[in-house]
Amino acid sequence: DQQVKQNSPSLSVQEGRISILNCDYTNSMFDYFLWYKKYPAEGPTFLISISSIKDKNEDGRFTVFLNKSAKHLSLHIVPSQPGDSAVYFCAASDDNDMRFGAGTRLTVKP
Amino acid sequence: EAGVAQSPRYKIIEKRQSVAFWCNPISGHATLYWYQQILGQGPKLLIQFQNNGVVDDSQLPKDRFSAERLKGVDSTLKIQPAKLEDSAVYLCASSLALAGAQETQYFGPGTRLLVL
């Protein structure tokens, strides 16, 4: 069962532009959402999170938006840099479980 | 602060052989997770420990997979016997406190398993 979906397997943007990565979930019990970034041959690293009591969380160039009614979250990276090229996983959790999306491969071109 | 350590990093075995992976979580982290990540998919939770007790092993194929965390620190995951479809990256993660409840998980580099 795919409770967390990232429908875009890949995204390519130009350096300096905005990258928008999207994620949808189906379980309304999820109340905490995270984005992880993964480089080849490394484990996922935590990037940013948001609680369901908020609709926006910002950390430097990274902003996560949560639309609870649509069960949708997005990660904005502004401005995008070549070092941001990686696979980005969104994750959603409740008290008992965390589910990951399949990931979106972001390529930032110089 | 040292991160989550895993070994080996790579393993190639033939089907029906046995294999074991080791994980040492971040010091002081009570919760430890093992994930299986098949190529092109997100990590799938296999088992979750709270100290040395199992919290969730509902997605662990118990006929061939086993895991333990005897002293509540490091953990081993074993596959016996391996099947071709077990080829994946096995990720270990740890978090500071209770499972769920808005805890950030910190991942190790993973063990890439290829079953021939």
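Scanning the stretch A:33-56 for residues that are crowded, with 19+ Cβ neighbours inside 10 Å, in contact with a Lys or Arg (Cβ under 9 Å, 6 or more places away or on another chain) and within 8 Å of chain B (Cβ to nearest Cβ) yields one hit, A:Pro44. Of all positions in the stretch B:90-100, at least one carries a residue that is touching a Lys or Arg at 6+ places or on another chain (Cβ under 9 Å) and either modelled with pLDDT of 95 or more or within 12 Å of another protein chain (Cβ to nearest Cβ) (or both). Annotation note: of B:Lys62, B:Lys15, the sole residue that is of a type in the set (Lys, Arg) and closer than 30 Å to A:Met29 by Cβ is B:Lys62. Count of the stretch B:24-47 residues, restricted to those that are open to solvent by less than 50 Å² (accessible area, probe 1.4 Å), without any contact (Cβ under 8 Å) to a residue 60 or more places away in the chain and more than 9 Å from every other protein chain (Cβ to nearest Cβ), is 4. Checked against the criteria, A:Asp55 does not count as touching a residue at least 12 places away in the same chain (Cβ under 8 Å) and within 12 Å of the chain's Cα centre (by Cα). Selection of the stretch A:1-20 for residues being within 14 Å of chain B (Cβ to nearest Cβ), of a type outside the set (Gly, Ala, Ser) and either crowded, with 17+ Cβ neighbours inside 10 Å or in contact with a strand residue (DSSP E or B) (Cβ under 8 Å, 6 or more places away or on another chain) (or both) yields A:Gln3, A:Val4, A:Lys5, A:Gln6, A:Asn7, A:Pro9.
Give the residues of the stretch A:21-31 that are within 11 Å of chain B (Cβ to nearest Cβ) and open to solvent by 20 Å² or more (accessible area, probe 1.4 Å), sorted by residue number.
A:Met29, A:Asp31, listed by residue number.
Residues that are touching a Pro at 6+ places or on another chain (Cβ under 8 Å), in a strand (DSSP E or B) and of a type in the set (S, T, N, Q) within the stretch B:5-30 comprise just one, B:Gln6. Checking the structure you have, find out if any residue of the stretch B:11-18 is over 16 Å from B:Gly110 (Cβ atoms) and open to solvent by less than 60 Å² (accessible area, probe 1.4 Å). Yes: one or more hits.
Annotation: of all residues in the stretch A:71-108 being charged (D, E, K, R) and either surrounded by 21 or more Cβ atoms within 10 Å (Cβ to Cβ) or within 14 Å of another protein chain (Cβ to nearest Cβ) (or both), the one that is nearest to the chain's Cα centre (by Cα) is A:Arg105.
Is it the case that B:Ala2 is farther than 24 Å from A:Lys5 by Cβ, assigned to a loop (DSSP other than H, G, I, E, B), out of contact with any Asp or Glu (no Cβ under 7 Å at 6 or more places or on another chain) and open to solvent by less than 20 Å² (accessible area, probe 1.4 Å)? No. The strands (runs of 3 or more DSSP E) located wholly in the stretch A:1-100 that include 2 or more residues which are among the acidic types (Asp, Glu) occupy A:56-59.
The values are calculated or read from the model by the stated rules, or taken from the named source; none is laboratory data. In this text, all values refer to a predicted model and were calculated from it rather than measured experimentally. Cβ: placed from backbone, ideal geometry, glycine included. Neighbour counts: every protein chain shown. These area figures cover heavy atoms from the full protein model, side chains too; ligands, DNA and RNA do not enter into them. Shrake-Rupley method; radii C 1.70, N 1.55, O 1.52, S 1.80 Å.
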